[in-house]
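A short worksheet on the structure shown next.
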Amino acid sequence: MAARKRRRPYAWTVKELGEDVLPDRRLLALALQEVCRRLIITTPDGAVSRDPTQAQAAEYLKVSETALTRYLRGQRIPPEGVAAFIFDTVRLSAGDGQDSGAPGITKRRLLELRARAEQERCANCSRHRDAVQTAAQKLRTLEQAHQELERSAAAGVQELGELRQRVTTLKREVRGIRASQPTPLTPLSGAGQQQAPGAAFAATPLPVPGQPGDRQRSETGTLAARNIARRTEELLHGGRPDSILALLRHTAEAYSPVEVALLVTQLRERGQDGLAANLVHIYARDHSDQDVVRTALILHEQHALTDAEALLRIAAAHPGPAPSPIGRSGSAR
């Protein structure tokens, strides 16, 4: 049989150091490797081993084999007492009586390397602490910003709730006004059948612009519609902005709620959203709450929900004059 290849003495002391091992810790690990290569173990029965294994060396030096591996790889710094014990044990085992555990490595030198490695570790820990403190400060800043956003969101939710409650109140008032109004009789057609609700509404006499006090009334809804169409054309061809504004103000003052609602609808259909919005604003600002609610009700029936809501909101922000004892039709009650 071929002879078994004998392992190199103290091969376990040759440890690879990782790239993340700091310089002073690296020097300490290399020094410990050199010291351990001089270790000679004497067993209780007097046998001498000049080629101990790592397990035997760890037991002799009174450290665990894992800890010894970490010391030699620079992964861990031994306490000062452990480093001194390793040096003294190796020096005594060599039996040369010199204060040296390895060539050029004295006990003082070994402990100096250990102290420098310890300081190097503390400096590295200090850098980590600074990084942790910076991250903690950023976290506090983000938490404060998050709290501000939460407070802002809560305020927005509260404001939205108040607006919804206000809209609910306005809708309740509109339903109350609608319920208090008498239901008009639907005229019969020539064939004895009732006309559609839209036709009955169109046949209701509508006021025609005139002087306050004794205003003329339209004979049919068709005449009122033509009147509104004519006013629409005047607004579209008003020319200068001041002329258009004057027409809007006159219209808002002289026209009835039904006519104003019809005119707003006409302007929307013709794409004159700006004129329609201005008319809604002027009418809501300058008229009584009763007229505003009637107009909003008519707009609601015409499916102009946005204009109806805008009319009520503007009226709430600009309380109009009290309702006159003389109706919008011009006749004294």
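State which residue pairs qualify: first residue open to solvent by 50 Å² or more (accessible area, probe 1.4 Å) and inside segment 15-40, second residue polar (S, T, N, Q) and not in a loop (DSSP other than H, G, I, E, B) in any location, beta carbons under 6 Å apart, and separation of 6 or more residues or different chains.
Taking only residues 6 or more apart or on different chains, the pairs are Arg37/Thr13.
I need the helices (runs of 4 or more DSSP H) fully contained in segment 239-320, keeping only those with at least 1 residues that are farther than 23 Å from Lys171 by Cα, touching a Pro at 6+ places or on another chain (Cβ under 9 Å) and not β-branched (Val, Ile, Thr).
Filter on segment 239-320 gives 241-254.
Would you be able to tell me the number of residues in segment 45-88 that are of a type in the set (D, E, K, R), over 21 Å from Arg116 (Cβ atoms) and in a helix (DSSP H, G or I)?
Adding up the residues that qualify gives 2.
Take the conditions assigned to a helix (DSSP H, G or I), at pLDDT 60 or above and touching a strand residue (DSSP E or B) at 6+ places or on another chain (Cβ under 7 Å) and apply them to Glu233. Does it pass?
no
Quick check on Val90: is it in contact with a helix residue (DSSP H, G or I) (Cβ under 8 Å, 6 or more places away or on another chain), open to solvent by 20 Å² or more (accessible area, probe 1.4 Å) and either free of Cβ contacts under 8 Å to residues at least 60 places away in the same chain or of a type in the set (Gly, Ala, Ser) (or both)?
Here the answer is no, as Val90 does not meet what is asked.
Looking at the structure I just gave you, is Leu275 open to solvent by 20 Å² or more (accessible area, probe 1.4 Å) and in contact (Cβ under 8 Å) with a residue 40 or more places away in the chain?
So Leu275 passes the test.
Any chance you could count how many residues in segment 90-121 are assigned to a loop (DSSP other than H, G, I, E, B) and at pLDDT 85 or above?
Counting residues in segment 90-121 that are assigned to a loop (DSSP other than H, G, I, E, B) and at pLDDT 85 or above gives 1.
Regarding segment 252-264, can at least one residue be identified that is within 43 Å of the chain's Cα centre (by Cα) and not β-branched (Val, Ile, Thr)?
Yes, there is a match, as at least one residue in segment 252-264 is within 43 Å of the chain's Cα centre (by Cα) and not β-branched (Val, Ile, Thr).
The values are calculated or read from the model by the stated rules, or taken from the named source; none is laboratory data. Treat the numbers as computed from the prediction; the structure is a model and nothing was measured. Methodologically, a virtual Cβ is constructed for each residue, glycine included, from the backbone with ideal geometry; neighbour enumeration extends over all protein chains shown. Heavy atoms of the whole protein, side chains included, go into the accessibility calculation; ligands, DNA and RNA do not. Shrake-Rupley method; radii C 1.70, N 1.55, O 1.52, S 1.80 Å.
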